[in-house]
Each structure stands twice: as C-alpha cells, then as structure tokens.
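Visitor: The structure under discussion is supplied below as structure tokens; questions concerning it will follow.
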Amino acid sequence: MLPITLEQMELDIEVDSPVEAIRAAGHLLVKSESALPSYVDAMVESYQTLGPYIVLAPHIAIPHARPEHGVTKQCMSIVRLKNPLKFGHPENDDVKLVIAIGGVDTNFHIKMLQALSRVLTNEEKLKLLMTSDNKVEILHTIKKED
C-alpha cells in the first residue's frame, strides 16, 4: 500500500524554505519516474495558494496534488530535514518530515493516507522515522503497515 523505496528517501537534508523541502521530496518522485516535474510544481503551487494545510500532524507535512498533474504511478517519498522549518501552521510547526505522496486516482490517495496515518500515529514508529540514520530500518518499519 505504501509505495516507497530506499531511493525515495533522503535523511537530514538542508533546505532553507518549505518550497525547497517540497521540491526535494518531489524530486525523489520524479527521479524514480513516479511523477512528472509538473506534479512537483503543482504541489508547490498548492502550498503557496492554500497555505500550510499540508502540515497534517505535528512536525509532518504531506504535500500532494491531483493525479492529473503528473502522477505516473502510485508513489511516496520521505525527506527528513536536518533543521526543522516553519511552514506557517499555527499548531504543527516546525516541520521535520516531508512526505510527498501521489496517487493515480483519488481512491488510492485516500487509502495511502490511511496506511500512512497508521505509521505516523504509532509513537515508536514515528520516533524511528524522526531519528534513525538507517534507511533500511525505516523502509522496513513503513512496509510493515502493508
């Protein structure tokens, strides 16, 4: 259910703005041929237009856009920021994890969010995502939810 690979994870990257963080997560989707650059642009535009609604939980942003903006296959990427950033959310800032998702249809998008929420609401798993330097361990933890 959670379509992510080791290549779709970057840990402790340095960026200077929420837009750079969204682009970094989006680049991993493009690099894996899961989305087109237009999808990344749509995620950024969505954040710039609608604001920090993508900061769905404390310290976690989940940028996404509509499937028709360039999703080629179900996808997900994780970027963990070395220095957390303010996205402008009144309660859930500062963001440390940016998890970009893309579904080829709205139905899958919802299922992916549900599976992801099972990971993010588990304290142990969330702590591992926030602190581990081992991508294999992180991937295994995420995939256990499938």
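The values are calculated or read from the model by the stated rules, or taken from the named source; none is laboratory data. Here the structure is a predicted model, which means the values were calculated and not measured. All Cβ positions, even for glycine, are placed from backbone atoms using ideal geometry, and neighbour counts span all protein chains on display. Ligands, DNA and RNA are stripped out before the accessible areas are found, and what is left, the full protein with its side chains, is counted by its heavy atoms. Shrake-Rupley method; radii C 1.70, N 1.55, O 1.52, S 1.80 Å.
Visitor: Determine if segment 32-43 includes at least one residue that is assigned to a strand (DSSP E or B) and surrounded by fewer than 20 Cβ atoms within 10 Å (Cβ to Cβ).
Guide: no
Visitor: As an exercise: evaluate Pro37 against (1) without any contact (Cβ under 8 Å) to a residue 60 or more places away in the chain; (2) touching a His at 6+ places or on another chain (Cβ under 6 Å) and give the number of the one condition it does not meet.
Guide: Every condition holds for Pro37 apart from (2).
Visitor: Considering segment 83-115 alone, what residues qualify as being assigned to a helix (DSSP H, G or I), open to solvent by less than 80 Å² (accessible area, probe 1.4 Å) and over 19 Å from Tyr39 (Cβ atoms)?
Guide: Scanning segment 83-115 gives a single hit, Ala115.
Visitor: Are any of the residues in segment 74-82 among the hydroxyl-bearing types (Ser, Thr, Tyr), under 21 Å from Leu139 (Cα atoms), touching a residue at least 24 places away in the same chain (Cβ under 8 Å) and crowded, with 18+ Cβ neighbours inside 10 Å?
Guide: Yes: segment 74-82 contains one or more residues that are among the hydroxyl-bearing types (Ser, Thr, Tyr), under 21 Å from Leu139 (Cα atoms), touching a residue at least 24 places away in the same chain (Cβ under 8 Å) and crowded, with 18+ Cβ neighbours inside 10 Å.
Visitor: Could you check Ser46 against (1) in a helix (DSSP H, G or I); (2) open to solvent by 30 Å² or more (accessible area, probe 1.4 Å) and say which number it fails?
Guide: Evaluating Ser46 over (1) in a helix (DSSP H, G or I); (2) open to solvent by 30 Å² or more (accessible area, probe 1.4 Å) leaves (2) as the failure.
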